[in-house]
Amino acid sequence: MDNLQELLHGFTIAVTVPHLVLMVIGVLLGILVGVLPGLGAPNGVSLLLPLTFGMQPVSAIILLSSMYWGALFGGSVTSILFNIPGEPSSVATTFDGYPMARDGRPTTALATAFGSAAFGALVGVILITFLASWVAQVALAFGPPEYFAVYFLAFASFVGMGGAAPIKTVVALAIGFAIAAIGIDTVSGSVRLTMGVDELVKGVSFVVAVMGLFGIGELLVAVEEEVHARAVSSKIDWGEVFRAVARLPRHGVALLRSAAIGCWMGITPGGPTAASFMSYGIARRFSRRGRHFGTGEVEGIISPETADHAAGTSALLPMLSLGIPGSATAAVMMGGLMIWGLNPGPMLFVDQKDFVWGLIASMYVGNIVAVALVLLTVPVFAALMRIPFVIIAPLIVIICVVGAYSVSNSYLDVVMMLGFGIVGYLFKKLFYPLAPLVLAIVIGDKAEDAFRQSMLMSKGSLGIFFANRLVTCLVVAGIALLLLPLVLQLTRIWRKPTSPAHETTSQEKVII
Amino acid sequence: MRSTSALLLSAAAVVLAGTMPASAAWQPQKPIEFVATAGPGGGTDNLARAVQNIITKYKLTEQPIVVVNKGGGSGAEGYVYGKVSAGDPYKVIFGTSNAWQQPLVSKVAFNYTDLTPIAAMAQDEFLLWVKQDAPYKTAGDYLKAAASSEFKMGGAQSKDTDEVLTRMIEKTGHVKLTYIPFKSGAEAAVQLAGGHIDSHVNNPSESLGQWRGGTQRPLCAFSPKRLPQGPKITATEGWSDVPTCVEQGLDIKQYEQPRTVWLPGKVTPDQAAFYVDLMKKVQATPEWKDYIEKTSQVDTFLTGGDFDKFIKEDLEHLKQVASEQGWLIK
C-alpha cells in the first residue's frame, strides 16, 4: 500500500496550523461566493488566484480547493432556500430541496444536503487515493464517440424518467438544444442563431438561464397563487441538524448508488452536472417513493447532492493526472498550477509527490472542515426563510438582476434573464418540465460537439457508436433507459387499462 | 529567431525612447480593466494575469487592475466588447492572432481595425505531435504513413490557427488529413494520449506535461531554427532537441501565434503610448522572463509599424489559405 504511506505523508503536510487556517479561510470565502449568486466557484477562485502567486504551490492549492468545497456547499444553500441554483450541478437539488424548504423544513433540507454531499466527497477522495493510476487509464479510453455515449446516457436516464408527458419533455429538450446552439460553433467555426444581436456571439450563459427559469419563474408563480405569501415558520433547531444527518444511513442504498454514479461520471469526464441529473433520474425510477419525487423527498435531495460532490471531487483526478479540467473551476486551478511552475500530467505524481499527496490529504481535511462550518451555519440560513415573502420577493429579484449582470457586466444578460423568467413561468403553468430544458442548455452543446466529431472521424457512419465494447455498452444502456418507460407502459396497458383520472393527478404532482 | 527578436527589441526601444515624454503626459485616473479573450486557465488568460501580477508587484501604475474573462465565441465576445468601448483607455484587451483571423472566416461583429494595437508580447511556437508509441520517428515517416492511410489531426477550434497549419501541412506534404476540432489544445492532447486521433499541432505548453509523462512526443517544430535551450523535459530531451520541420522534409519554415495586446479604438496617441511603455516595463522584469520560460514561449516585442507589418503579412498568408479552402466569408 504505497498510496497509504504517501497519504500519511500528505497528512503531515496538510494538517499544520497555517494550512488549517488557510482551509478555514478558503471554506468561508467559498461559502460566501457560493451563496452570492452570479459569483460562483470559478469567479471566486480566479479572484483569489493572483494572491497565491507568492505562496508555496501546496499552500496555494489548499486555499483554492478549500474555496471550491465551500462554494459547492454554498451553492446548495440558494438552490434549496430560494430555488436559485448557483452552479449547474446544483440544479437537480432544487427539485426536492426547494419544496421541502417551503414546506417548513429548511433545516432538514440543508442538513440532509450537506450530510450527503460530504459523504459523496469522501467516497470521491477515497477513490482518488486508492485507484489513482487505474482511474487515469479509464479517462484515456474516452474519445468523441464515448463522450457522446455518456451524454446520451445522461439524457436518456432523465427523459425516460416519466413524470411529465413524454412529448412535453421532448419539446423542452428541443428548446434547450436550440438555446445551447447560440454562439460560435466549435466544429464549423461559424456563428449560429444570434439573430443579428452581436453580443449573442458569446452564447447564453447557464447562470442567466437558470436564474430566470428558476428564480424569477418561481416568483411569478408564487405571486399569482399567493400560496407563498406567508413566511415559513421554521424554528431555529440545532437538534434537527444532527437528527437529519443521523437519519442519512437509512438511505444507504441511495447514498451508495449516487456516490457510484458520481464517481463514474467524475472519472469518465461526464462531470458533476450530468452526474447529479442522472443520479436524480435514476433514483426517481428505482426509489420506492419515486412517485413522490418533486414534492420534498429526502432521497430527492440525497441523490443529486451525493453524486454532485462525488463527481466534483473525483474530477480533480483527471485534471492532475491528465491535464483535463473536469469543470470550469478545475480549469482555473490548472491555470494556477502552470503559473506556480507545475505541469499537470502523469508526471506530476512522480515529480511532485508532496504537492499531490498534500492536496489529496487536504481534500479529506478540507471537506471535514467545510461540512462542520456549513452545518454550523444551517440554522442561520434556515432563519432566512422566516422573512416574510413581501420582503424576500424583491430581494430575490435584485439578487437575480445583479447576478445576471455580473456574469459579464452585460445589460443584455439581464434582459435575457427576465425573458427566461417568463419562459419558466409558462413552463410551470403548462406543466412542461424545466429539468430537460436546463440539462439540454448545460450539456447540449457538448453532446453536439462530441456527436459531430465522431461523425467526422467515421465519415458519417453511425457504426462508430458500436465500434468497441465500452461505447456499445454505454449506447445500449442509454437506449434501454429510454425505452424502459415505454415498455412498462405497454405492459401496463396490456394488463389493465389505467384510469385517466389517476394519470392527471400524477402529472400535476410532478411539475419540476 | 533570437537575434531577430533582439533586433526588434532594440528597434522598439528606440521608438519608445522617442515617445517617452509623450507618455508622461497621460496617466490613468481610475481602475484599469484587463479583458482576456479566453476562459479562465487558458494561455491568453494566463498572460493577462501574469502581466497584472507584475504591474501590481512593481507598482508600475498607481491604479488597481482587474482581469475579466470574455472568452465567449472563441474570443469574439472580448473583441466586440473592445469595439463598443471605443475611446475608453481603461480597457486593455489581451488576445492572439485571432483578432484579425476570426473576422476573415466567420461573421463576427468586429475587425481588428476597430481596435488600437498596442503590442505583440510573446510568440507561441507550434509543433507536430504524435502518440509516444507511434512507429514514425521523423516528420518524413509521418508524411509517408499519412499518404497511404487517412490520418486524423486534432486541434483547437475550427478555421483557427491549428486548422490553418493543418491545411498547410496537407499542401506542402501532399497528404490528406481529417481535421477534428476540439474546444482546446488540452483536449486534443488528451485525445492523442488515448489514441483517438493520430496527431495534433499543439503549442509547447499545451502538451509539455504529456510529453514528460510519456504519452506523446513532438516530431518537429514549425520554426526556422531549433527552439531555445531550456531545462530537459524528459530524461534525455529538451525543446532544443526537437528538430525543425524543414530539417525533416516538411517545408513549413515558420508558423507562430503572437499574444497580442489592444486598446479600444479612438483612444489618443498619448494613451496608447502609456500602455506601450507599461508593457515594455513589464517585459524588463525577471518575473516576465520566468513566465516566458515556464510557458515555453518566445520572448518578443512588436509595436507600432513592426506590429502592423506583422499583421499585414499574416493576413495575406491566411487569406491565401482561406480562399483555397473556401472559408472566406462574403
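Nothing in this text is a laboratory measurement; each read-out follows from the coordinates by a stated rule. If you're wondering where the values come from, they're calculated on a predicted model, not measured in any experiment. Please note: Cβ atoms are built from the backbone with ideal geometry, for glycine as well, and neighbour counts cover all protein chains shown.
Note on B:230-241: average number of Cβ atoms from other chains within 10 Å of each residue's Cβ is 0.
Near A:R288: Cβ cut-off under 14 Å, other residues only, Lys/Arg at +1 and Asp/Glu at -1. The net charge is +4. Averaged over peptide B:74-86, the number of partner chain Cβ atoms lying within 10 Å of each residue's Cβ comes to 3.
Rg/Rh, computed from the Cα trace of chain A with Rh as the Kirkwood radius, has the value 0.96. Springs between Cα atoms under 10 Å define the GNM used for chain B, and in it the highest mean-square fluctuation of B:E62, B:E125, B:E206 occurs at B:E62.
Rounded to the nearest 500, what is chain B's calculated 222 nm mean residue ellipticity when only DSSP H runs of at least 4 contribute -39500 (n - 2.57) each, over all residues?
-13500 deg cm²/dmol
Rounded to whole Å, the principal axis extents of the Cα atoms in the stretch A:307-466 read 58, 52, 31, largest first.
Two numbers describe the Cα atoms of chain B: Rg and Dmax, which are 19.9, 64 Å.
Other protein chain C-beta atoms within 10 Å of residue C-beta, averaged over A:453-464: 2. Computed from the C-beta positions of A:V170 and A:Q489, the FRET efficiency with R₀ = 25 Å rounds to 0.95.
Overall size of the stretch A:415-493 from C-alpha positions, given as principal axis extents largest first: 45, 41, 18 Å. In the stretch A:79-158 the Cα-Cα distances spread across 5 Å bins starting at 0 as 3, 13, 14, 15, 17, 17, 11, 7, 3, 0 percent of all pairs. Each Lys or Arg adds one and each Asp or Glu subtracts one; over the other residues with Cβ under 14 Å from the Cβ of A:K446, this totals -4. The sum of -39500 (n - 2.57) across all DSSP H runs of n ≥ 4, divided by the residue count of chain A, sets its helix-only mean residue ellipticity at 222 nm to -24000 deg cm²/dmol. Of the residues A:M416, A:M211, the one with the fewest other Cβ atoms within 10 Å heads the list, and the complete ranking is A:M416, A:M211. Between the stretch A:145-218 and the stretch A:47-76, the C-alpha centres lie 30 angstrom from each other. The P(r) of the stretch B:241-330 has a tail past 20 Å containing 57 percent of all C-alpha pairs. Among A:L248, A:L213, the order by Cβ neighbours within 10 angstrom, fewest to most, reads A:L248, A:L213.
As a proxy for reagent exposure, ranking A:S461, B:S205 by other Cβ atoms within 10 Å from fewest up yields A:S461, B:S205.
Report the gain in length on full extension from A:R289 to A:A372: 0.36 nm times residue separation, minus Cα-Cα distance, nm rounded to one decimal. In short, 26.9 nm is gained.
Give the Rg/Rh ratio for the stretch A:340-405, taking Rg as the radius of gyration of the Cα atoms and Rh as the Kirkwood radius, to two decimals.
Working: Rg = 20.8 Å, Rh = 16.1 Å.
With Rh from the inverse mean 1/r over Cα pairs, Rg/Rh is 1.29.
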